[in-house]
Ligand SMILES: *Cc1c(COP(=O)(O)O)cnc(C)c1O
């Protein structure tokens, strides 16, 4: 399997190369040259199998010869062994025809563990084979950073630096990043927003001299291997609700579009997905784009679902690439317009394609809190604010007889203040991390400045 850039100008890479590279050198994102299909019989045969077995069958066609079968199976086993639920991604019924896919049983209580844990294992395998070292730098609005630190801490050939917006992540999120004691992980609190963090990260990737000097690698949701790992739970959920005989819809609390784009890949592989519904908070650039055809930046409004507080949505570029018939030059032009004019208009043809695949809605702060309280009363499920954004949209977009599955992207205990404000109930942390607030923190304050960041990384990484 070969990987091409959404902007058409970067070298074509293998799976392992695309995984270790992250962002393409033309500024684009790597996507598979073609999406391998699964026949209905092969999809039906996933029913009743372990999460790990489904992961192996779904992921291996994309990985090709990068790893042996035994290596890939071993990596998958180790990745999910630390999850707090035997099903890994259990389904819970909220109402007739509406189900919640709980993606928060990993080590940092959010769905990003699904991808990050397997990436840690695959990076380790690939680097050990080649005798190489890398420096991972990530930008996070909260959940990616802790998931990366959990996945890479203590690995011999990897140093990890995570940029997060100072004062804009929850205390649980911050502590999950600042309390691991391993000396190859560094939590950096940047004076700015999540988009500042993401832009400095992009600047580092575009500084080719620095990129090569430190062996820079990315694990943000732009990394193809992360998207791939997230394809798996669309299959486990759909098959347990009757796919491939029955169509299924999904509602996905969305920020950078990585999670919902994985659903699109599942659909392209042959999973009968009816609609993929984008649920956004008040940072609604995606909903506005699907509604008006105009993709325009509008500043970040901090919300009670901070992991979806984005100004631009990085992985949407992948959706555009497919909607524009894999025309890299057209995508490159849109991205230029975004940079110079702060926005662009999607062509009529591409917009129609996007609307066939995706639905969308945005949810206000008040509606989010209301949904947390209502759902607790109605079904007994305590939702995190991100999942509540999804559930509200999922209820509204569920159309019998097609079952709706809403993705629960984080555990309520990760956002206890918002949950308590909505319900009066303070959700406790699971027993395995009950001492989080007693652990010592380690964090470095950094300015929103490329040169200063690069100097710090040069100094702190292990040679
Ligand atoms: C990252 C995150 C999201 C958004 O996922 P994207 O892949 O960026 O769209 C939603 N909810 C939670 C809890 C997250 O951590």
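Compactness ratio for the chain: Cα radius of gyration over 2.2 N^0.38 Å (N = residue count) comes to 0.90. Along its three principal directions, the equivalent ellipsoid of region 69-137 from the Cα gyration tensor extends over semi-axes of 31, 13, 9 Å, largest first. Start at zero, step by 5 Å, and the Cα-Cα distances of region 1-130 spread as 2, 10, 16, 18, 19, 17, 11, 6, 2, 0, 0 percent across the bins.
For region 108-267, the fraction of alpha-carbon pairs lying more than 27 Å apart is 27 percent, rounded to a whole number.
Our summary gives the chain a relative contact order of 20 percent, counting only alpha carbon pairs under 8 angstrom and 6 or more residues apart.
Note the per residue figure in Å³ for the convex hull of the C-alpha positions in region 104-181.
78 Å³
Under the criterion of Cα pairs below 8 Å and six or more residues apart, the relative contact order for region 15-119 equals 20 percent. Kirkwood hydrodynamic radius, computed over distinct alpha-carbon pairs, for region 212-276: how many Å, to one decimal? Taking every pair of different Cα atoms in region 212-276, averaging 1/r and inverting gives 12.7 Å. Residue separation of residue 153 and residue 129 scaled by 0.36 nm, minus their Cα-Cα distance, works out to 6.7 nm of gained length. Look at where the Cα atoms of region 90-113 and of region 386-405 average out, and the two centres are 13 Å apart. Maximal additional length on extending the residue 458-residue 337 stretch stands at 40.2 nm, based on 0.36 nm per residue less the C-alpha distance.
Peptides 382-394, 348-360, 449-461, 149-161 ranked from most to least packed give 382-394, 149-161, 348-360, 449-461, packing being the mean of other C-beta atoms within 10 angstrom over each peptide's residues.
Between residue 47 and residue 355, the distance separating the two model label sites (each 7 Å from Cα on the Cα→Cβ line) works out to 3.6 nm. Packing order of peptides 262-271, 55-64, highest average first: 262-271, 55-64 (average count of other Cβ atoms within 10 Å over each peptide's residues). So if I take the centroid of the Cα atoms in region 268-345 and the same for region 133-152, what is the distance between those two points in Å? Region 268-345 and region 133-152 have Cα centres spaced 23 Å from each other.
Here, region 371-448 has an Rg and a Dmax of 16.3, 53 Å when only alpha carbons are counted.
For region 262-347, the ratio of Cα radius of gyration to the globular rule of thumb 2.2 N^0.38 Å stands at 1.16.
The protection proxy used here, the mean number of other Cβ atoms lying within 10 Å of each residue, ranks peptides 23-31, 327-335 as follows, highest first: 23-31, 327-335.
Laboratory data are not the source of any read-out in this text; all were calculated from the coordinates shown. Predicted model, so just to flag it, every value in this text is computed and none were measured. Methodologically, a virtual Cβ is constructed for each residue, glycine included, from the backbone with ideal geometry; neighbour enumeration extends over all protein chains shown.
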